[in-house]
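Visitor: Take this structure, written in structure tokens, and hold onto it; I'll ask about it next.
Just so you know, all these numbers are worked out from the coordinates, no wet-lab data involved. Only a predicted model underlies this, so the values are computations on that prediction, with no experimental measurement involved. Cβ coordinates were reconstructed from backbone atoms using ideal geometry, including for glycine residues, and neighbour counts include every protein chain displayed.
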Ligand SMILES: CC(C)(COP(=O)(O)OP(=O)(O)OC[C@H]1O[C@@H](n2cnc3c(N)ncnc32)[C@H](O)[C@@H]1OP(=O)(O)O)[C@@H](O)C(=O)NCCC(=O)NCCS
């Protein structure tokens with residue numbers, strides 16, 4: 001089935017089962033989720049926070065970012081809950097430049113104890129589905145060269161490296177890294193993820 005024939009899912013919340021039977025409930029962020037989202041990012045292990053693009057301890061700045069994403073219908077922050085606590089976050093962010101209205105950026109974060117249950121891939125599949133509803137046709141992911149898990153996950157999801165910018169970014173410790181820009185067309189991502197999640201994650205349970 002191509003992405004265009006697929007019936008898109010817009011009913012939230014939705015319950016899904018990941019690999020090894022892990023059940024999660026997905027729904028978009030609401031304003032009332034701000035404190036949980038803040039706690040989710042602030043409690044990330046330092047090795048993961050090293051690569052965050054924004055300082056999540058600058059609370060007012062982070063609040064503005066989150067509010068801005070709630071006010072723009074092309075943004076989506078998708079939250080995954082397990083037994084009521086926030087365990088995953090997927091962001092679809094429009095490129096706001098006039099040149100690239102068809103390009104969206106994806107960022108995915110899964111709480112450490114919940115990794116390797118296909119939740120990252122599942123959030124990616126949902127974001128691809130929603131990206132098609134929002135009329136994007138190309139997705140990008142930006143990452144530092146040392147982020148091996150993200151790179152592996154994105155490659156499994158159909159992304160390829162499109163550009164490398166040497167010493168372009170610094171982590172929270174000030175260490176310089178190469179910035180990798182990965183990208184894929186929505187169709188390619190869709191095919192890769194149908195295959196990846198074939199037996200694991202039905203759209204709903
Ligand atoms: C990247 C991340 C979101 C992956 O989440 P996850 O739920 O563990 O990913 P999945 O279980 O869906 O993995 C899907 C595939 O990606 C690959 N993969 C994921 N983590 C990997 C790792 N640590 N090493 C190698 N491959 C990995 C595997 O191919 C995996 O499929 P498999 O388990 O069937 O082999 C998670 O590791 C994370 O939150 N990392 C830190 C945050 C971050 O840097 N986010 C990037 C912002 S874009």
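Visitor: Fully extended, how many nm does the chain gain between residue 85 and residue 25 (0.36 nm per residue separation, minus their Cα-Cα distance)?
Guide: 20.6 nm
Visitor: Same structure, new question: As a footprinting exposure proxy, order 97, 102 by other Cβ within 10 Å, with the fewest listed first.
Guide: Ascending Cβ contact count within 10 Å gives the list 97, 102.
Visitor: Of 46, 17, 63, which is the most mobile in a GNM of the chain whose springs link Cα atoms less than 10 angstrom apart?
Guide: Looking only at 46, 17, 63, the largest GNM fluctuation is found for 46.
Visitor: With n ≥ 4 as the cut-off for DSSP H runs, can you work out [θ] at 222 nm for the chain, using -39500 (n - 2.57) per run divided by the number of residues, rounded to the nearest 500?
Guide: The helix contribution divided over the chain gives -9000 deg cm²/dmol.
Visitor: Would you calculate the separation in nanometres between label points at residue 99 and residue 32, each defined as 7 Å from the Cα along the Cα-to-beta-carbon direction?
Guide: 4.3
Visitor: Quick check: pseudo-label points 7 Å beyond the Cα along Cα→Cβ at residue 165 and residue 116, how many nm apart are they?
Guide: 3.3
Visitor: Could you quote the convex hull projected area for the stretch 85-138, Cα atoms only and averaged over all directions, in nm²?
Guide: Averaged projected area of the stretch 85-138's Cα convex hull equals 4.1 nm².
Visitor: Most exposed first by the Cβ proxy, i.e. fewest other Cβ within 10 Å, how do 193, 124 rank?
Guide: Ascending Cβ contact count within 10 Å gives the list 193, 124.
Visitor: Follow-up. Compute the separation of the alpha-carbon centres of the stretch 131-183 and the stretch 69-100 and state it in Å as a whole number.
Guide: 17
Visitor: Binning at 5 angstrom from zero up to the longest distance, how are the C-alpha pair distances of the chain distributed in percent?
Guide: P(r) for the chain, in whole percents per bin: 1, 7, 16, 20, 22, 19, 11, 4, 1, 0.
Visitor: Right, next: Using the 10 angstrom Cβ neighbour count as an exposure proxy, how do 190, 99 rank, fewest first?
Guide: 99, 190
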